[in-house]
Structure formats: structure tokens, C-alpha cells
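Working notes for the structure below.
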Amino acid sequence: MAELQWLGVIRHGQSTGNVLAQQAEQDGLEEIAIPERDADVPLSDLGREQAAAAGRWIAGLPTGERPHVAVVSPYLRTRQTAELALAGTGIPAVFDERLRDRELGVIDLLTTRGVEARLPQEAARRRRLGRFYYRPPGGESWADVLLRLRSLLGDVRSEHPGGRVVLFGHEAVIMLVRYLVEGLDEASLTELAHATALGNCSLSSWRSDGDGLRPERFNAPSSHDPEDPVHLWVG
């Protein structure tokens, strides 16, 4: 199977859910008061600015360096990010549910404190199993998400041999794409996740060296202008 020339992954811009989740954790609350279902959480005003900043970076790339196609999670915050970042570029976008965020099941909308207080058995099970294999009832483990991402990347490689593809996704998706592309193991991935806070609209990318995809950048602002708001938020 022919390898891609370049693969990039852009996290969605700051969402209203990011803001509410961060505030709930800071305030020591048990529950995050997000009114929408996860698939319908929109970008915040700052998130829209971040997506537009990413768009300025993409538009400024030389023609030969631009992505040929974008594959986008169907969640609203990701679709809005892609729409703003790709506006006027002519880069086609397709939506694929395999890029959706990890489903959290019964722990959805609970803070760390909330899981400990309301679902202590689940909290203990999560500590025992670790985030790679822990599957909350009604939700997904990282291993579950990897199944759909393996399928997605296989299709992307077969449909765009020698191509340049950018994915628009979510925090867990980006970590797990790196796991797959770079051949990491559970311990390396867990250490990386503990040490890294992925920025909204951050860009991670890999470039072909003829023998496969090699890391190019990780968690980098998808804008080269330090005045752009893409640099102002990690969360």
C-alpha cells in the first residue's frame, strides 16, 4: 500500500464545553453543566478566532505544501473548525464518524471529583485498568477508539496514495493517531498523555521520508504568528 506524503491532525478550536469543563474542575464541582449532547457542542468565540488563525496558516502555505483533502469528525465543534480553517482554500472536506471523540458513557459530564463521589467503583476500576483499557459502561476505552482509527487510516492511505491529508479531530484522537503512526506502546502513550496538554487548534504532523511517515511536529500552534489567538489557549 502506498504511503501518504504528509499527514496532519488539527484539534478543534476551543469549544464552549472546554470552557465549562475547565471552570467546573477549577470550582471543585462534580458535574459539568454542558446543555448540548457532545456531538452538538459548538466553538466558543475564541475557538472561532483560533480556527480562523489556522486558516490563515493553511492559506499561506505554498500550493505544493497544502493538504489535498481534509477528513473531519462530524461533531459540530470540529466541523466549525474545518469550515473556518478551510474557507477559500478549495481544499475538499469529507466527514467520517470514525474521527469522533471518545465516548465516555456513564462518566460523561462528570468531573474527576464527580466520578470519585458518584461512581467510586468506576473510579477504582479506572485506576486499576489504566486509561488505555478502561471502558466506562456505555463508553469506549482508548483501545476501542484505536479500532476505528486503524480502519480510518487504512482507508485514507488506500484512497490517497502519495497524498497530503489533514484530519480535524479531538484530543484523544490525536494522541491515538500518534500511537498508530509512530508505533508507540501503552506505556509510552500513557506517559505522553500525562505530560501533554494538547492545545486547541494545535497541529501534529508526519512527513514521508520514503520508508514511512516520520514525526514532523507535535502539538504545535497551527499558526506561525505569535499574535494569533491560536497561541492563547491550551485545554
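Quick one: count up the residues across region 48-69 that are touching a Leu at 6+ places or on another chain (Cβ under 6 Å) and in contact (Cβ under 8 Å) with a residue 40 or more places away in the chain.
1
Of the residues LEU129, LEU110, which single one is modelled with pLDDT of 95 or more and touching a strand residue (DSSP E or B) at 6+ places or on another chain (Cβ under 8 Å)?
Answer to the check: LEU110.
In the list ASP155, ASP108, which residue meets the criterion of being of a type outside the set (A, V, I, L, M, F, W, C) and in contact (Cβ under 8 Å) with a residue 60 or more places away in the chain?
ASP108
Looking at (1) open to solvent by 40 Å² or more (accessible area, probe 1.4 Å); (2) in contact (Cβ under 8 Å) with a residue 60 or more places away in the chain, can you tell me which one GLU116 breaks?
Just one mismatch for GLU116, condition (2).
Would you mind finding the one in ARG128, ARG135 that is among the basic types (Lys, Arg), more than 17 Å from the chain's Cα centre (by Cα) and part of a loop (DSSP other than H, G, I, E, B)?
ARG135 is the lone residue from the list that is among the basic types (Lys, Arg), more than 17 Å from the chain's Cα centre (by Cα) and part of a loop (DSSP other than H, G, I, E, B).
Return the total of residues in region 179-215 being under 20 Å from LEU99 (Cβ atoms) and in contact (Cβ under 8 Å) with a residue 60 or more places away in the chain.
Residues that pass the stated criteria total 12.
Out of the residues in region 190-225 that are in a helix (DSSP H, G or I) and more than 15 Å from the chain's Cα centre (by Cα), which is nearest to TYR134 (Cα to Cα)?
The qualifying residue nearest to TYR134 (Cα to Cα) is THR190.
The values are calculated or read from the model by the stated rules, or taken from the named source; none is laboratory data. In this text, all values refer to a predicted model and were calculated from it rather than measured experimentally. Positions of Cβ are backbone-derived with ideal geometry, glycine not excepted, and every protein chain shown enters the neighbour counts. Areas reflect the complete protein model, heavy atoms only, side chains present, ligands, DNA and RNA absent. Shrake-Rupley method; radii C 1.70, N 1.55, O 1.52, S 1.80 Å.
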